[in-house]
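Step one of this worksheet: look at the structure below.
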Amino acid sequence: MSPEPQLTPPDPSEPHPLDLVREQAAHTTVSAVRAELDALSEQHAELSRSVGWAANAEEEYREVIGIERKAQLEMRVGLGAEGAKFVRRTAPLAEMSLPELQEEYRTGRRTTLALIDALLLHPESRAWTLGEEVAPEIYIVSLRNRLKRWGEGLAEVRA
């Protein structure tokens, strides 16, 4: 039996990832980040409509959709009772074909953007990111960074 893996404590000389997000947020505006999210989402929608996907595209879509749904949950929790109106019922991802996954990806993104807008309307709300509860203006920058990475991951599975 192999030994239990040991967790390495964080290097105190390295900035916490959330510190980097806060730094980015200090050098932009919420409206600029929100506009970036619209443009990024349109790029991702176009990507999802394209052809020439690798054999593992379905799994990549399932993973990306799942982690974006987790981000939606973070925002719904931050919105409290108002977040309940954003809950969507869908078929299990495991049962969806590639075209269905691509449509779910685009639909899910519209939900993500609507949740962001709701968070921004309620500046007193909070959401969790990188292990901490943060204000909407910090959360939106963190989410923009994550959505960029997830889109890049999908782009890599094009054949």
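The values are calculated or read from the model by the stated rules, or taken from the named source; none is laboratory data. Keep in mind that this is a model prediction, so the values were computed, not measured. Neighbour counts are summed over all protein chains in view; Cβ atoms, including those assigned to glycine, are modelled from backbone coordinates with ideal geometry. To get the accessible areas, we keep the full protein, side chains included, count just its heavy atoms, and leave off ligands, DNA and RNA. Shrake-Rupley method; radii C 1.70, N 1.55, O 1.52, S 1.80 Å.
Quick look at the values:
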| read-out | value |
| --- | --- |
| Pair L121, A54: separation of 7 Å Cα→Cβ label points (nm) | 4.1 |
| Extended-chain gain in nm, criterion 0.36 nm per residue less alpha-carbon gap, K85 and T107 | 6.4 nm |
| Placed amide H near R158: partners under 5 Å, 5+ positions off or other chain | A54 |
| Protein accessible area in the range 1-131, 1.4 Å probe - carbon and sulfur % | 59 |
| Förster radius 30 Å - calculated FRET efficiency between A26 and E152, Cβ distance, rounded to 0.05 | 0.75 |
| Distance between the range 98-136 and the range 17-70 - C-alpha centres, whole angstrom | 11 |
| Karplus-derived 3J(HN,Hα), 6.51/-1.76/1.60, for each residue of the range 71-85, Hz, glycine and proline x | 4, 4, 4, 4, 6, 4, 4, x, 8, x, 4, 5, x, 4, 6 |
| Excluding exposed DSSP-loop trypsin sites (Lys or Arg not before Pro) (at most 12 other C-beta within 10 Å), longest clean stretch of the chain | 1-87 |
| Debye, to nearest 20: dipole size of the range 39-99, +1 on Lys, Arg Cβ, -1 on Asp, Glu Cβ | 340 |
| GluC sites (Glu not before Pro) within the range 130-159: DSSP coil, no more than 14 neighbouring Cβ in 10 Å | E156 |
| HN-Hα J in Hz across the range 119-132 - Karplus 6.51, -1.76, 1.60, θ = phi - 60°, x for Gly and Pro | 4, 5, 6, 10, x, 7, 6, 9, 9, 9, 8, 6, x, 9 |
| Estimated [θ] at 222 nm from DSSP helical runs (n ≥ 4, -39500 (n - 2.57)) normalised by residues in the chain, nearest 500 | -21000 deg cm²/dmol |
| Accessible area of the range 47-93 divided out per residue, in Å², using a probe of 1.4 angstrom | 55 |
